[in-house]
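One structure, as structure tokens, below. Some questions next.
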Amino acid sequence: MELIEVILSKENLNRAYKKVVSNKGASGVDGITVEELGDYIRENRDEIVTALRNRIYMPKPVRRVYIPKDNGKQRPLGIPTALDRTIQQAIAQPISDIYEEIFSNYSYGFRPGRSCHNAIRQALEYLNDTTLNLIRKYLKAGVLEKGLEKATITGVPQGGLRSVVC
């Protein structure tokens, strides 16, 4: 079976719909809420699937909102319509099912059931206090620029092996 048929299968679309509903979230530019999505899909499912299959479906623009950050700045966020979130989820699910089997067990980014906390826990299994202390000293060693020593506040200076490791 071709991937597009798996994506557009009733089972996969239903699974995607349930995931979007469970995540809740705001409405996009069309104003359709997650609560209204079920009725909309029931009324328009055949047309949506046909448009996707025939390559004529056009996702709506995302609704731009700004989320305040701790530093006073704002982070732009794009909110897709509930329908587009469902279609995106329907695309992601079978692709994830295929590739999840071949991904490394040591890969944690954007993977179901994995997080940066899992990655840190894994790293700590290999690093003891002595090693961490040595790495910390290199990270805080500072830089010498135009004869003046400057403290390293954030990041890793490029050029040494530590920039590859960190």
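The values are calculated or read from the model by the stated rules, or taken from the named source; none is laboratory data. Remember, it's a predicted structure, so these values are computed and weren't measured experimentally. Cβ: placed from backbone, ideal geometry, glycine included. Neighbour counts: every protein chain shown.
Kindly establish whether residue 71 is polar (S, T, N, Q), closer than 22 Å to residue 6 by Cβ, exposed (fewer than 11 other Cβ atoms within 10 Å of the Cβ) and in the same structural domain as residue 7 (by TED's automatic domain parsing).
Here the answer is no, as residue 71 does not meet what is asked.
Give all pairs with beta carbons closer than 6 Å in which a residue from the range 21-40 that is in the same structural domain as residue 63 (by TED's automatic domain parsing) meets a residue that is buried (at least 16 other Cβ atoms within 10 Å of the Cβ) and assigned to a loop (DSSP other than H, G, I, E, B); count only pairs at least 6 apart in sequence or on separate chains.
Correct list of pairs: 28/80; 28/81; 30/81; 33/27; 40/32.
Residue by residue, here is whether (1) closer than 20 Å to residue 10 by Cβ; (2) in contact with a Gly (Cβ under 6 Å, 6 or more places away or on another chain); (3) part of a helix (DSSP H, G or I); (4) hydroxyl-bearing (Ser, Thr, Tyr) holds:
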| site | (1), (2), (3), (4) |
| --- | --- |
| 58 | no, no, no, no |
| 84 | yes, no, yes, no |
| 97 | yes, no, yes, no |
| 110 | no, no, no, no |
| 123 | no, no, yes, no |
| 130 | no, no, yes, yes |
| 133 | no, no, yes, no |
| 137 | no, no, yes, no |
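Among the residues of the range 61-73, is any at pLDDT 90 or above and of a type in the set (Gly, Ala, Ser)?
Yes, there is a match, as at least one residue in the range 61-73 is at pLDDT 90 or above and of a type in the set (Gly, Ala, Ser).
Read through the list (1) closer than 25 Å to residue 95 by Cβ; (2) surrounded by fewer than 10 Cβ atoms within 10 Å (Cβ to Cβ), then give the number of the only condition that residue 137 fails.
(1)
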